[in-house]
Amino acid sequence: VTRYVEGVVFVDPGLRDLPPAKRRQVYEETCRVLACVHSVDLDRAGLGGLSRKGGYVERQVKTWKGQYARSRLRQLQGREGGSAESPMERLASELEKSISLSGTSGGVSERVCLVHGDFRIDNLIFCPKTLKCVAVLDWELSTLGDPLSELAYLLIPHILPPSSNGIKAVLPVLPSEESLAKEGIPTASETAKMYAEAVKRSSVKKGGDAAVFPKPALESDSMRIRLAVSLFRVAAILQGVVMRASQGSGSSAALSDAFGGDVQRMQGELVDSVALQALKILQGPRQNGEGPVSGMPGPPTGLEVAQRPASGVPPFSVPELFGEFQWRGEALDFFRKVHQFVHTRVIPLESALMDHSTSEGRWKRAAPEMEALKEAAKKEGLWNFFMSKELDPSGRWGGKGLTNLEYAVICETTGWSVFAPECFNCAAPDTGNMETLLRFGNDQQKERWLRPVADGRERSCFAMTEPHVASSDALNIQSAIRVIKGGRAVRVTGRKWYISGAMDPRCTFAVVLGLHIDEQKEREKEKKGGEGKRKAERRQDLHSVVIVPMSTEGVNVERPHTVFGYDDAPHGHAEMTFDCEVPIENVLLGPGRGFEIAQGRLGGGRLHHCLRLLGAAERSMRLMARRAFDRTAFGGQLSSNAAFRERLARCRVQLDSAKWACYHAADLMDKVSEGKVPARKLHSAIAKAKVQTPEVAGMVIDEAIQLFGAAGVSDVTPLAYLWAQARTIRLADGPDAAHLRTVARLELLSQEEKQKSVFVNEKSGGEKQLLKSSRSFAALTAKM
């Protein structure tokens, strides 16, 4: 059945008829269509018996080997001495050997699905306006096959030998990888990732499990086999072209003319060059211990194994903080309860919680074990204790009256398990959003939005980061919050990504930061003839923060993202688009007040991230020590090894240093709230802790991974997951460079003030000598 479809076909995969900004869109749409083809329900579509199932890669090699044998040129056989094996023959032999050694096609059990058989960009028809695919052409080769093999075939223009002029005369070849970015074309790896994300979206949309879909890791052994098979297919087809050209038949005669009738040159530049490229890919560095290609990456599932080396609950100990600090009895009792809950209730359930986070229903519901833990913690009064006495003095919202310094030590304890903070309703991003509403929300906003989150009935997310700008500088934010309808509503437009918590089925609203635009004022500026440039406005007036319900029409969760391969279900990290309208009452503190809100929100959150990392690092230290006691190597116990002891000592020195930096910042938070020290000192302290702690925690966890060897990078210990968390915090809530910039700016400001200050020396005659800033800096510091 055929029908006429209007559209455009892009013959050239370089898409030179399109501007660079549009080319990536075509590749994203191509990957989406390919994922849709592979996601077809075979039984519902009546295609379950379309062809033989399984062994697709092996059959492809056999088919194209036969095609090559029928087309090869007899006059070129043995051209290197009568018995030399051609590149194509070598390639066929190597492919058969690789598949035989693997035991199955490509080394993994193939996932059987519908495949197009000749899926290329030039077999798609696109709408010229929207660049959406409206039809797929040439289905005559469709069958039941392997999706990764078809992805490899789509990548042929990326992996063809770029230096062969002969290839370029016959097949479309993309430029070098270095040039692709300027052309707006994704690399082979980026295209494979696009496909993986499209498969995820298609699966989640249909209520399936993305974890059963293939992982297209191009450097893996199985994908190298598939890429080589695809090139083998192309080379076999080209062999037929060369044969016909040598015979002067049909359209191939023109090719012979282009090569001056030199058949051997045609063979070398067309067929042999492709075969040699396939051999180069196939014989690349082998991946020892390759993970299952048939599964999308998920977080570790064997945390219970990791607890054996460090069996037992760590003894409860009270850290000594500062000379003037005295633990209050009630705070100490509370600390002890949290410590006990984490180690006796949460950590034993980590395995079940991890299993849920990789299950088919991970995006649909929270783990029942988590809900039970939250209910138990709430009954024991271990709830919302991140709210300091300064933030919730009356305890109306669940705060326990802790100081920031007291909470700092307890927060560190919750960091021993990635699941513990949520059990106590002390997990990001809810803590930051609740703090924002407590500080800047009015009574109506608190009751409507804060209450259900504080009670644990709902969750929330914070939408700031954007994909196309450096979001660490809020001035770059492009999403807009426009005051419309004479000040009665705002329109929110833009794209955000890595919005943690937005995938959670319990997430009911997003706190969105965007560029503040008042349309009425903009029109007034235009009438007055003024330029109305936004850069003339104060930095503090450029942004607004608005609460956007997730159910609002025009709010779309586009897809989940992964962090070092972990999708962190069920809360996840989403890409979102906004094109919606909400009432003006949803704007926090008023339009144009977003900058001060964001600064107030992020400060405490940054420190809390660091404190939790301290707990993860302490857990890694304990695991490391127990491992060293339990293992012997080269004739001695690891705990007695001098090199290990030195590394362990350095970890303790660095970890304690980071811990004191965090405690100092928490102490300053208390003193700033009491008016005892200026806020500038706190900003510098938090920035320094934010730079130092994730780096130190990552180093400690990395040392533990090194000691555990293969187990350290596997899913049988928590270390790989903890390391991913630590490394991510170096980006979350501002990258290291942004915080170092803050530290440097405040340091220079402090030194400048010291340099400009006036030193007064009393003299015997009562005279005063003024040492002014004109003196050299060295002379001034010598007097200090």
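The values are calculated or read from the model by the stated rules, or taken from the named source; none is laboratory data. All of these numbers come straight from a predicted model, not from anything done at the bench. Glycine also receives a Cβ, built like all others from the backbone with ideal geometry; neighbour counts cover every protein chain displayed. We work out accessible area using only protein heavy atoms, side chains counted, and drop any ligands, DNA or RNA first. Shrake-Rupley method; radii C 1.70, N 1.55, O 1.52, S 1.80 Å.
Quick one: Ala628 ticks every box in (1) in a helix (DSSP H, G or I); (2) under 30 Å from Leu405 (Cβ atoms) except a single one, so which number is it? Unmet condition: (2). In the condition set (1) assigned to a helix (DSSP H, G or I); (2) in contact (Cβ under 8 Å) with a residue 40 or more places away in the chain; (3) closer than 24 Å to His609 by Cβ, Arg647 is compliant with all but (3). Checking the stated criteria, Pro214 turns out to be under 22 Å from the mean Cα position of the chain (by Cα) and at pLDDT below 80. Out of the range 354-392, which residues are outside any loop (DSSP other than H, G, I, E, B), without any contact (Cβ under 8 Å) to a residue 40 or more places away in the chain and either touching a strand residue (DSSP E or B) at 6+ places or on another chain (Cβ under 6 Å) or basic (Lys, Arg) (or both)? Scanning the range 354-392 gives a single hit, Lys379.
Looking only at residues that are among the polar types (S, T, N, Q) and open to solvent by 10 Å² or more (accessible area, probe 1.4 Å) in the range 591-642, which one is modelled with the lowest pLDDT? Walk me through how you get there before you give the answer.
Within the range 591-642, the subset among the polar types (S, T, N, Q) is 599, 620, 632, 637, 639-641.
Then keep just the ones that are open to solvent by 10 Å² or more (accessible area, probe 1.4 Å); that gives 599, 632, 637, 639-641.
Values: Gln599: 68, Thr632: 86, Gln637: 88, Ser639: 90, Ser640: 91, Asn641: 92.
Restricting to residues being among the polar types (S, T, N, Q) and open to solvent by 10 Å² or more (accessible area, probe 1.4 Å), the top hit is Gln599.
Taken as a whole, the condition of being under 32 Å from the mean Cα position of the chain (by Cα) and small (Gly, Ala, Ser) does not apply to Gly399. Counting just the residues of the range 68-88 that are part of a helix (DSSP H, G or I) and open to solvent by 60 Å² or more (accessible area, probe 1.4 Å), which one comes out modelled with the highest pLDDT? Only one residue tops the list, namely Arg70. Picking from residues in the range 354-383 that are within 26 Å of the chain's Cα centre (by Cα) and among the small types (Gly, Ala, Ser), the one that is surrounded by the fewest Cβ atoms within 10 Å (Cβ to Cβ) is Gly361. Meeting the requirement of 3 or more residues that are hydrophobic (A, V, I, L, M, F, W, C) and open to solvent by less than 10 Å² (accessible area, probe 1.4 Å), the helices (runs of 4 or more DSSP H) wholly within the range 402-465 are 404-414. Number of residues in the range 473-491 that are modelled with pLDDT under 90 and within 17 Å of Val511 (Cα to Cα): the value is 1.
Could you count how many residues in the range 389-445 are over 22 Å from Val672 (Cα atoms) and among the polar types (S, T, N, Q)? Total meeting the criteria: 7. Reported count of residues in the range 28-47, each being touching a helix residue (DSSP H, G or I) at 6+ places or on another chain (Cβ under 7 Å) and open to solvent by 10 Å² or more (accessible area, probe 1.4 Å), is 4. Of the residues that make up the range 349-359, is at least one modelled with pLDDT of 90 or more, hydroxyl-bearing (Ser, Thr, Tyr), at negative phi and in contact with a Phe, Trp or Tyr (Cβ under 9 Å, 6 or more places away or on another chain)? Within the range 349-359, one or more residues are modelled with pLDDT of 90 or more, hydroxyl-bearing (Ser, Thr, Tyr), at negative phi and in contact with a Phe, Trp or Tyr (Cβ under 9 Å, 6 or more places away or on another chain).
On inspection, Arg345 qualifies as of a type in the set (Lys, Arg), more than 20 Å from Asp567 (Cβ to Cβ) and in contact (Cβ under 8 Å) with a residue 24 or more places away in the chain. Each residue in the range 20-38 was checked for being farther than 20 Å from Val173 by Cβ and at pLDDT below 90, and 1 pass.
Here is a yes/no grid of residues against (1) part of a loop (DSSP other than H, G, I, E, B); (2) open to solvent by less than 10 Å² (accessible area, probe 1.4 Å); (3) at pLDDT 90 or above; (4) farther than 25 Å from Ser189 by Cα:
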residue	(1), (2), (3), (4)
Ser109	yes, no, no, no
Val134	no, no, yes, yes
Glu140	yes, no, yes, yes
Pro157	no, no, yes, no
Ser163	yes, no, no, no
Ile167	no, yes, no, no
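Within the range 609-623, none of the residues are under 31 Å from the mean Cα position of the chain (by Cα) and within 26 Å of Val555 (Cα to Cα).
Against the definition (basic (Lys, Arg), open to solvent by 20 Å² or more (accessible area, probe 1.4 Å) and at pLDDT below 95), how does Arg534 come out, yes or no? Considered against the rule, which asks whether it is basic (Lys, Arg), open to solvent by 20 Å² or more (accessible area, probe 1.4 Å) and at pLDDT below 95, Arg534 comes out as yes.
Taking the conditions exactly as written (at pLDDT below 90, assigned to a loop (DSSP other than H, G, I, E, B) and farther than 30 Å from Ala92 by Cβ), does Pro297 satisfy them or not? In short, yes. Pairs linking a residue in the range 445-463 that is more than 19 Å from Met503 (Cα to Cα) and among the hydroxyl-bearing types (Ser, Thr, Tyr) to a residue that is modelled with pLDDT of 95 or more and open to solvent by 20 Å² or more (accessible area, probe 1.4 Å), with Cβ atoms under 7 Å and 6 or more positions apart or on different chains, do not occur. If I filter the range 757-773 for residues that are surrounded by fewer than 12 Cβ atoms within 10 Å (Cβ to Cβ), modelled with pLDDT of 50 or more and not in a loop (DSSP other than H, G, I, E, B), do I get at least one hit? The answer is no, given that none of the residues of the range 757-773 is surrounded by fewer than 12 Cβ atoms within 10 Å (Cβ to Cβ), modelled with pLDDT of 50 or more and not in a loop (DSSP other than H, G, I, E, B). Condition test on Glu752, is it more than 21 Å from the chain's Cα centre (by Cα) and within 29 Å of Arg680 (Cα to Cα)? Considered against the rule, which asks whether it is more than 21 Å from the chain's Cα centre (by Cα) and within 29 Å of Arg680 (Cα to Cα), Glu752 comes out as yes.
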